[in-house]
Amino acid sequence: MKTKTPSKLEKMLASGHMAVTSECGPPRGSDPEGITKKAEMIRNHVDAINITDNQTSVTRLCSLASCIHLKMMGIEATLQMVTRDRNRIALQSDILGAASFDIYNILCLSGDHQNFGDCPQGQNVFDIDSIQLIQTVRLMRDEGKFLGGDDIKRPPQMFVGAAANPFADPFEIRVPRLAKKIAAGVEFIQTQCIYNLDKFELWMKQARDRGLHEKVYILAGVTPFKSAGMAKYMKNRVPGMDVPDDVVKRMSGVSKEKQAEEGINICVESIQRLKEVEGVRGFHIMAIEWEDKVPEIVERSGLYPRPDIS
Amino acid sequence: MIVAEKKPIEEIIAQVKDFKKILIAGCNECVTVCEAGGKKEVGILASALRMYFLNEGKKVEIDEVTLERQCDHEYLEEIRDRIDKYDAVISLACGVGVQFMAEKYFSTPLLPGVNTCFMGVAEERGVWSERCQACGQCVLGETAGICPISRCAKRLLNGPCGGSTKGKCEINKDLDCAWQLIIDRLKELGRLDDYEKIMPIKDWSTERAGGPRKVVREDVRL
């Protein structure tokens, strides 16, 4: 087992265990309980918790501060970082800030356009993109250099992740895009929520055909539906989301009181099927404002207890 | 061309309502082509203002002129002998022309009559769209002739993002995803393998970020 960082998530994956991660969205206010309470609910059922970075471009408590709260609770955090809001100076600075608190995982993203959020009239930055952010973190970690070429004293030690969306268009470049992220230096991938399992399996097959599954740890993303309404919303309104008709039908086919339970059932069944897909090395469970259901999903999927690898 | 849009007449009136002699100056270049500030639009604005002042019972003199260009000294000089007669000039040129006129006629109040939008093309009659942001270091050779800086909402050099859906951008279903266009054209050119080349972090110092820019060509200077 060879690891490059002190990340527990990396260690879990390198030792061959199925990893389980989840994520929490920070609050729209400064009360740290908005993050610590959610984290407390799931801490024993996951290996690391992602903290989203102003997701959907809605202003929230920052990802870095939230990760520090998790760190103080003894929970492993994954710092999500988007390139929408910060230029290369601020990105590198925040990476060092996170590293100073020994945050060991980072997820490199470009970020939703600000058009979706609470500041549609704001500027966006996009000084670099997600692939270039992967390169930046690897340069800082492996070479101990800033983008400007100077040496970093005590370089960051971060396990470098990125997102992959097998369902966005055009499909034909979705695997080449994964290859591109791997070439940039990504070490783990958390995918977009998977509802179209057939399409995901096709994407994984194409990735395996190129041997990519051996070059990066792929965590399959899942999100339980709370209601049929949510399924329809995700299908019709969320860009890059692929929710097949039969899934919507299944959610609509049960009474309102039973829909939440059905959503959990679909999620657990998906995990069970995806566990068998070669190259899937774990799961990223995104229970949006429904963190209390994560333990049940993890347990029913046969992923509990979490292996003790410390 | 530089594409501009006419400012709302109310906004222009609010700025000129207290003047007695006004010159409306059009430009015969880009703003004529995009039908925002050429001779025709000068005439339309002049008529609208005359009607407004007539209704208000005010006696205001409004003259019209359309210069060949407002971004060149020689054409701007054509109004030097009469500029002092006016209380204000409304320029229907792009922001470039308005500023050059202001530099030249330092003591004359000068107001913009159009909003300068972008550098773009006439897709069809009445439809213009952006093509270039003048980043100062053209990457079109790498991107199959389609600019991700001006045409991707996130100016991603390594796109598309996860929001590309059925060829359209996540922010607007009527907007083409630039990276879908790039990929389609790379395929057409038999260069799809080039998609996997990582575009390096861009030097933005030749763009707006580097401060106001200037090109000096010693070989053509007088």
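Here, each number is a calculation from the coordinates, and none is a lab measurement. Nothing here was measured: the structure is a model prediction, and the numbers come from that model. When we count neighbours, we look across all protein chains shown, and the Cβ atoms used for this are built from the backbone with ideal geometry, even at glycine.
Remarks
- Cross-link pairs A:K232/B:K168; A:K181/A:K249; A:K226/B:K173 - those with Cα-Cα distance over 30 Å: A:K181/A:K249
- Taking only the Cα atoms of region B:133-210, the ratio Rg/Rh comes out at 0.96, with Rh defined as the Kirkwood radius.
- Debye, to nearest 20: dipole size of the protein assembly as shown, +1 on Lys, Arg Cβ, -1 on Asp, Glu Cβ: 540 debye
- Region A:216-242-region A:68-125 distance, computed between alpha-carbon centres (Å): 23 Å
- Chain A, relative contact order [Cα under 8 Å, separation at least 6], %: 19 percent
- Exposure proxy shown here: for B:E74, A:E76, the number of other Cβ atoms within 10 Å sets the order, fewest to most, as B:E74, A:E76.
- Structure remark: mean-square fluctuation, Gaussian network model of chain A, C-alpha springs under 10 Å; the largest value among A:V247, A:V20, A:V268 belongs to A:V247.
- Size descriptor, Kirkwood hydrodynamic radius, that averages inverse alpha-carbon separations across the protein assembly as shown, Å: 26.3 Å
- Placing +1 on the Cβ of every Lys and Arg and -1 on the Cβ of every Asp and Glu, with nothing else charged, gives region B:118-175 a dipole about its Cα centre of roughly 120 debye.
- Partner chain coverage, peptide B:200-213 - average Cβ within 10 angstrom: 2
- Within straight-line cross-link reach of A:K71, aspartates and glutamates at Cα separation under 19 Å, skipping those fewer than 8 residues along the same chain: A:E10, A:E23, A:D31, A:E33, A:E40, A:D47, A:D53, A:D94, A:D102, A:E291, A:D308
- Principal-axis tilt of helix A:174-184 within chain A, Cα atoms, nearest 10 degrees: 20 degrees
- Look at B:S91, A:S227, A:S270 and count the other Cβ atoms within 10 Å of each Cβ; fewest to most, that gives A:S227, A:S270, B:S91.
- Projected-area mean, region A:17-300, by convex hull of Cα positions, square nanometres: 14.7 nm²
- Farthest positive-ward along region B:2-118 dipole, Cα basis, beta-carbon charges - from B:P8, B:F53, B:N115: B:F53
- Based on alpha carbons, the Rg and Dmax found for chain B are 21.8, 70 Å.
- The charge dipole of region B:133-210, taken about its Cα centre with unit charges on the Cβ atoms of Lys, Arg (+1), Asp and Glu (-1) only, comes to about 200 debye.
- Here B:K58 is the anchor, and the lysines within straight C-alpha reach of less than 16 Å, apart from those fewer than 8 places off in the same chain, are B:K17, B:K20, B:K21.
- Relative contact order %, chain B, counting alpha carbon pairs below 8 Å whose residues are six or more apart: 17 percent
- Qualifying chymotrypsin sites (Phe, Trp or Tyr not before Pro) for region B:60-162 [loop in DSSP, other Cβ within 10 Å: at most 11]: B:F106
- Amide hydrogen neighbours beyond the local backbone of A:I218, cut-off 5 Å, H modeled: A:I189, A:R281
- 5 angstrom amide H check on B:L67, placed H, neighbours 5+ away: B:G26, B:C27, B:N28
- Across region A:230-238, rounded Karplus estimates of 3J(HN,Hα) from the backbone phi angles (6.51 cos²θ - 1.76 cosθ + 1.60, θ = phi - 60°) give 5, 4, 5, 4, 5, 5, 9, 10, 9 Hz, Gly and Pro being marked x.
- Evaluated at q = 0.11, 0.20 Å⁻¹: base-10 log I(q)/I(0), Debye formula over Cα of region B:2-118: -0.30, -1.03
- The order of B:H73, A:H69, going from fewest to most other C-beta atoms within 10 Å of their C-beta, is B:H73, A:H69.
- Whole-Hz couplings from phi, Karplus 6.51/-1.76/1.60, listed for region B:88-98; x for Gly and Pro: 7, 10, 9, 9, 9, 6, 5, x, 5, x, 4
- Taking only the C-alpha atoms of region A:75-159, the Rg (one decimal) and the largest Cα-Cα distance, Dmax (whole number), read 13.2, 39 Å.
- Shielding by other protein chains, B:169-176, mean Cβ within 10 Å: 3
- Amide H partners (placed H, <5 Å) of B:V3, local residues excluded: B:C117, B:F118, B:M119, B:G120
- For peptide A:163-171, the mean count of partner chain Cβ atoms within 10 Å of a residue's Cβ comes to 5.
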